[in-house]
Amino acid sequence: LAARDFDLYGPNDSFGATLTFDNDVDSRRYEPGAALPANRIEALKEAHSRNIHTWVSCEPVIKPEQTLKLIEMTHEFVDLFWVGKLNHYPRMEKKIDWPKFRSDVEDLLQKCGKQPGIGYRLKHQLIEAR
């Protein structure tokens, strides 16, 4: 739905979306009522094609492998990525190797030629997790 307003965007505007999952099943389970990942990705592509600055918030990270895949899938038309750690779900958080994930995401962003726009929360929580 957001793409219908792209003609209203000015030269200093930007468009962003949250991407948490790479598939409809997980998205519907954890994000009921939200636009499906493919729809969000298409909106980002459209914004980029109109020279609108794009960004993605990959948070909360629930399935690190999906976050990495989403960055790989979208880096060509997303200007900035923010990555945020899952919080307030200790059982789920324990299952993720946060220092490894941080290293993996920073390496991937560098490989894709992106400035790591890793948010304050992820950086500091992962430093504490070491």
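The values are calculated or read from the model by the stated rules, or taken from the named source; none is laboratory data. Computed from a predicted structure; not experimentally measured. Counting neighbours? That spans all protein chains shown, and the Cβs are built from the backbone with ideal geometry, glycine included. All accessible areas refer to the heavy atoms of the entire protein, side chains included, with ligands and DNA or RNA removed. Shrake-Rupley method; radii C 1.70, N 1.55, O 1.52, S 1.80 Å.
Starting from the Cα-Cα distance between D24 and D107, subtract it from 0.36 nm times their residue separation and give me the gain in nm to one decimal.
27.2 nm
Run the helix sum for the chain: -39,500 (n - 2.57) per DSSP H stretch of 4+ residues, divided by residue count, reported at 222 nm to the nearest 500 deg cm²/dmol.
-13500 deg cm²/dmol
Helix 37-49 versus the longest principal axis of the chain: what is the Cα-based angle in degrees, 0 to 90, to the nearest 10?
50
In a shell of Cβ-Cβ distance under 11 Å around L19, excluding L19 itself, what net charge do Lys and Arg (+1) and Asp and Glu (-1) give?
-1
Any idea what the relative contact order of the chain is, in percent, if you count C-alpha pairs under 8 Å spaced at least 6 apart?
23
V56: net charge of surrounding residues, Cβ under 15 Å, Lys/Arg +1, Asp/Glu -1, itself excluded?
So the environment of V56 carries a net charge of -4.
Report the gain in length on full extension from A34 to N12: 0.36 nm times residue separation, minus Cα-Cα distance, nm rounded to one decimal.
In short, 5.3 nm is gained.
Ranked from the most accessible area to the least, with a 1.4 Å probe and all protein chains present, what is the order of T74, T18? Provide the component values of the computation, followed by the final result.
Details: T74 0, T18 55 Å².
Sorted descending by solvent-accessible area, the residues read T18, T74.
Tell me, in nm to one decimal, what length is gained between D5 and M73 on full extension, where the rule is 0.36 nm per residue of separation less the Cα-Cα distance? Walk me through the intermediate numbers first.
Numbers: separation 68, 0.36 × 68 = 24.48 nm, distance 2.41 nm.
Extra length from D5 to M73 when fully extended: 22.1 nm.
Students often get this wrong, so try it: which of [x] 10.3; [y] 8.1; [z] 6.8 is mean projected area of the Cα convex hull in nm² as calculated from the structure shown?
[y]
In terms of modelled amide H atoms, which long-range or inter-chain residues lie less than 5 Å from the amide H of E59?
Amide H neighbours of E59, under 5 Å, 5+ apart: L19, G84.
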